[in-house]
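Below: one structure, written as structure tokens.
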Amino acid sequence: MPKTVTKSSTTTKTLEYDVSEQLRTPEEMAAYLDAWFIEAPEDAAGIARALGDIARAKGMTQVARDAGLSRESLYKALSENGNPSFATILKVAHALGLRLHAQPT
């Protein structure tokens, strides 16, 4: 006698993950950015988005104010399609309390 296979119809519900909700301390923020530098050193857009994640964790309005930028321009610069200037990256890093440094590879 053939077996009857019944397919169940289940729906998987996914939730959007926002890493900025997990970045609570300056050490966690620095480690997150450092991981981007190590794992994807040539991904400028990814590193800019990582700065955006950290800025959202600290509060985008305050970071924009501290960097001398408007909140809207900061969101745009650090978005997926943004292309921030190096000067903007330096201002944002300073506003976030992060220091970029070089070391030999």
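We did not get these values from a lab; they are worked out from the coordinates using the rules stated. Model, not experiment: these values are computed from the prediction. Here the Cβ is made from the backbone with ideal geometry for all residues, glycine too, and neighbour counts use every protein chain on show.
Quote the charge dipole size of the chain about the Cα centre in Debye, to the nearest 20; the model charges only the Cβ of Lys and Arg (+1) and of Asp and Glu (-1). All intermediate terms of the calculation are to be shown ahead of the outcome.
Working: 12 positive and 13 negative charges, 78 e Å.
About 380 debye.
Against the main long axis of the alpha-carbon atoms of the chain, helix 86-95 sits at an angle near 90°. Rounded to the nearest 10 degrees, the inclination of helix 26-39 to the longest alpha-carbon principal axis of the chain is 70 degrees. Against the main long axis of the alpha-carbon atoms of the chain, helix 44-58 sits at an angle near 90°. Taking Tyr75, Tyr17, Tyr32 in turn, the Gaussian network model of the chain (Cα-Cα springs below 10 Å) assigns the largest fluctuation to Tyr17. Structure remark: mean-square fluctuation, Gaussian network model of the chain, C-alpha springs under 10 Å; the largest value among Leu74, Leu15, Leu51 belongs to Leu15. Under 10 Å, Cα contacts only: if you run a Gaussian network model on the chain, which one of Lys76, Lys91, Lys13 comes out with the highest mean-square fluctuation? The residue that fluctuates most here is Lys13.
With an 8 Å cut-off on Cα pairs and a minimum separation of 6 or more residues, tell me the relative contact order of the chain in percent. Present the calculation step by step, with values, prior to reporting the outcome.
On the way: 73 pairs, mean separation 25.3, N = 105.
So the answer I get is 24 percent.
Working note: Cα atoms of the chain, range along each principal axis, descending, whole Å: 75, 36, 27.
Amide H to amide H distances under 5 Å link Ser79 with no residue, where only residues 5 or more positions off or on other chains count and H is placed in the peptide plane.
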